[in-house]
Amino acid sequence: MLRALTILILCQFAGEVAARAAGLPLPGPVVGLVLLLVILIVRRGPDPALRETSNGLLRNLSLLFVPAGVGIVTQLDALERDWKAILCAIVVSTALGLAVTGWLMQRLSKGSAS
């Protein structure tokens, strides 16, 4: 488990360093996830320890939303002031995300339809 956690944290750290060094407009953890994906593709999937550790983290993922909820509560004045813009951003980004996901799913499933 310690080795698996080390791999996950090192990928996040490497992503953070790469994003800052290259001046990428992406968060470091996203770059780290891409790095982890590349490693998993090269290794043809995770080893059992990494799979078990990742599943354990995913089972407790809801705990990671507590800081985000606290952050929202501390910014209630900004939410009250800019609620129209925030609501518009949420609706537009959700619709755009659904549209892109649907389009991509259709494109990717064309070749697999038998």
**Request:** Please tell me if Leu96 is out of contact with any Leu (no Cβ under 8 Å at 6 or more places or on another chain), free of Cβ contacts under 8 Å to residues at least 40 places away in the same chain, assigned by TED's automatic domain parsing to the domain that holds Val17 and of a type outside the set (Val, Ile, Thr).
**Result:** no
**Asked** Would you pick out the residues in the stretch 73-114 that are modelled with pLDDT under 85 and of a type in the set (A, V, I, L, M)?
**Response** Ala113
**Item:** Meets criteria (touching a residue at least 12 places away in the same chain (Cβ under 8 Å), part of a helix (DSSP H, G or I) and surrounded by 10 or more Cβ atoms within 10 Å (Cβ to Cβ)) for Leu37
**Value:** no
**Request:** Would you mind stating whether Gly45 is within 15 Å of the chain's Cα centre (by Cα) and either modelled with pLDDT under 85 or assigned to a helix (DSSP H, G or I) (or both)?
**Result:** no
**Message:** For the stretch 84-104, check the following and say yes or no: at least one residue is outside any helix (DSSP H, G or I) and on the phi < 0 side of the Ramachandran plot.
**Reply:** no
**Asked** How about the stretch 41-54: which of its residues are out of contact with any helix residue (DSSP H, G or I) (no Cβ under 7 Å at 6 or more places or on another chain) and surrounded by 15 or more Cβ atoms within 10 Å (Cβ to Cβ)?
**Response** Ser54
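The values are calculated or read from the model by the stated rules, or taken from the named source; none is laboratory data. In this text, all values refer to a predicted model and were calculated from it rather than measured experimentally. Positions of Cβ are backbone-derived with ideal geometry, glycine not excepted, and every protein chain shown enters the neighbour counts.
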